[in-house]
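Encoded as C-alpha coordinates, the structure appears first; notes follow it.
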Amino acid sequence: MSGFKPVTYADGQVLFEPGESAHSFYVIKSGQVAIIDRHNQSQLAVLSAGESFGEQALLAGGVRSAAAQAIGETVCLEITAQGLRELLSKEGGIATQVLEALLLQLYMQNAIRA
(Lines give C-alpha, C1' and ligand atoms only; values in the text may rest on other atoms or scores of the structure.)
Protein backbone atom coordinates (compact mmCIF):
# COMPACT_ATOMS: atom_id res chain seq x y z
CA MET A 1 0.00 0.00 0.00
CA SER A 2 1.41 3.36 -1.02
CA GLY A 3 2.43 5.54 1.90
CA PHE A 4 2.87 2.63 4.36
CA LYS A 5 6.36 1.14 4.49
CA PRO A 6 8.57 -0.69 6.99
CA VAL A 7 11.81 1.16 7.74
CA THR A 8 14.75 -0.19 9.77
CA TYR A 9 16.73 2.20 11.98
CA ALA A 10 20.14 1.49 13.50
CA ASP A 11 20.86 1.97 17.20
CA GLY A 12 21.07 5.68 17.94
CA GLN A 13 19.70 6.76 14.56
CA VAL A 14 17.56 9.90 14.79
CA LEU A 15 14.15 9.62 13.10
CA PHE A 16 13.36 13.32 13.46
CA GLU A 17 14.25 16.47 15.41
CA PRO A 18 12.07 19.17 16.97
CA GLY A 19 11.01 21.94 14.63
CA GLU A 20 11.01 19.73 11.54
CA SER A 21 7.87 19.55 9.43
CA ALA A 22 5.93 16.41 10.22
CA HIS A 23 5.12 14.31 7.14
CA SER A 24 4.94 10.78 8.62
CA PHE A 25 3.92 9.03 11.76
CA TYR A 26 5.19 5.69 12.97
CA VAL A 27 4.11 2.40 14.51
CA ILE A 28 6.91 0.39 16.11
CA LYS A 29 7.09 -3.19 14.83
CA SER A 30 10.19 -4.17 16.83
CA GLY A 31 12.78 -2.43 18.98
CA GLN A 32 12.34 0.80 20.91
CA VAL A 33 12.28 4.54 20.30
CA ALA A 34 13.19 7.26 22.79
CA ILE A 35 11.25 10.51 22.62
CA ILE A 36 13.62 13.28 23.72
CA ASP A 37 13.09 16.90 24.75
CA ARG A 38 16.15 18.63 23.27
CA HIS A 39 15.43 21.85 25.18
CA ASN A 40 16.29 20.32 28.55
CA GLN A 41 17.93 17.11 27.26
CA SER A 42 15.43 14.86 29.04
CA GLN A 43 13.93 11.61 27.87
CA LEU A 44 10.15 11.97 27.77
CA ALA A 45 9.28 8.36 26.95
CA VAL A 46 10.59 5.05 25.69
CA LEU A 47 8.17 3.42 23.27
CA SER A 48 8.09 -0.26 22.28
CA ALA A 49 6.48 -2.59 19.73
CA GLY A 50 2.85 -1.75 19.04
CA GLU A 51 3.13 1.87 20.15
CA SER A 52 2.85 4.83 17.79
CA PHE A 53 4.33 8.31 17.72
CA GLY A 54 4.63 11.33 15.47
CA GLU A 55 0.90 11.97 15.26
CA GLN A 56 1.51 15.69 14.60
CA ALA A 57 2.13 14.61 11.00
CA LEU A 58 -1.57 13.94 10.63
CA LEU A 59 -2.64 17.31 11.96
CA ALA A 60 -2.64 20.18 9.51
CA GLY A 61 0.65 22.10 9.66
CA GLY A 62 2.20 19.57 12.02
CA VAL A 63 5.65 20.37 13.40
CA ARG A 64 7.78 18.05 15.51
CA SER A 65 7.90 19.07 19.17
CA ALA A 66 10.51 16.51 20.28
CA ALA A 67 13.21 14.27 18.85
CA ALA A 68 12.80 10.54 18.21
CA GLN A 69 15.81 8.22 18.36
CA ALA A 70 16.11 4.45 17.89
CA ILE A 71 17.26 2.33 20.81
CA GLY A 72 18.87 -0.75 19.33
CA GLU A 73 17.87 -1.88 15.86
CA THR A 74 14.28 -0.75 15.42
CA VAL A 75 11.74 -1.45 12.70
CA CYS A 76 8.88 1.01 12.29
CA LEU A 77 5.96 1.11 9.93
CA GLU A 78 6.25 4.60 8.51
CA ILE A 79 2.90 6.00 7.47
CA THR A 80 2.89 9.18 5.45
CA ALA A 81 0.16 11.69 6.08
CA GLN A 82 -0.57 11.71 2.34
CA GLY A 83 -0.85 7.90 2.22
CA LEU A 84 -3.28 7.86 5.13
CA ARG A 85 -5.36 10.67 3.60
CA GLU A 86 -5.58 8.71 0.33
CA LEU A 87 -6.71 5.58 2.18
CA LEU A 88 -9.31 7.51 4.15
CA SER A 89 -10.63 9.25 1.04
CA LYS A 90 -11.24 5.83 -0.53
CA GLU A 91 -12.87 4.43 2.61
CA GLY A 92 -14.73 7.65 3.48
CA GLY A 93 -17.50 7.66 6.03
CA ILE A 94 -17.03 8.36 9.69
CA ALA A 95 -13.49 6.92 9.82
CA THR A 96 -11.90 10.28 9.01
CA GLN A 97 -13.72 12.12 11.80
CA VAL A 98 -13.00 9.37 14.32
CA LEU A 99 -9.30 9.35 13.44
CA GLU A 100 -9.05 13.14 13.69
CA ALA A 101 -10.76 13.08 17.11
CA LEU A 102 -8.41 10.35 18.37
CA LEU A 103 -5.35 12.21 17.09
CA LEU A 104 -6.46 15.41 18.77
CA GLN A 105 -6.98 13.54 22.04
CA LEU A 106 -3.50 11.95 21.77
CA TYR A 107 -1.95 15.34 20.99
CA MET A 108 -3.65 16.88 24.05
CA GLN A 109 -2.54 14.03 26.32
CA ASN A 110 1.05 14.43 25.13
CA ALA A 111 0.89 18.18 25.76
CA ILE A 112 -0.35 17.60 29.32
CA ARG A 113 2.44 15.08 30.05
CA ALA A 114 5.18 17.39 28.75
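The values are calculated or read from the model by the stated rules, or taken from the named source; none is laboratory data. Quantities reported herein were computed from a predicted structural model and do not represent experimental measurements. Note that we place each Cβ from the backbone using ideal geometry, even for glycine, and neighbour counts take in every protein chain shown.
Scan the stretch 32-44 and give yes if some residue there is touching a Cys at 6+ places or on another chain (Cβ under 6 Å) and in contact (Cβ under 8 Å) with a residue 12 or more places away in the chain, otherwise no. No, that holds for no residue. Of the candidates 69, 56, 41, the single residue that is under 17 Å from residue 22 (Cβ atoms) and either more than 11 Å from the chain's Cα centre (by Cα) or at pLDDT 95 or above (or both) is 69.
Identify all residues within the stretch 8-53 that are loosely packed, with under 14 Cβ neighbours inside 10 Å and among the aliphatic types (A, V, I, L, M); write none if there are none. Listed by number, the residues that qualify are 10, 14, 46, 49.
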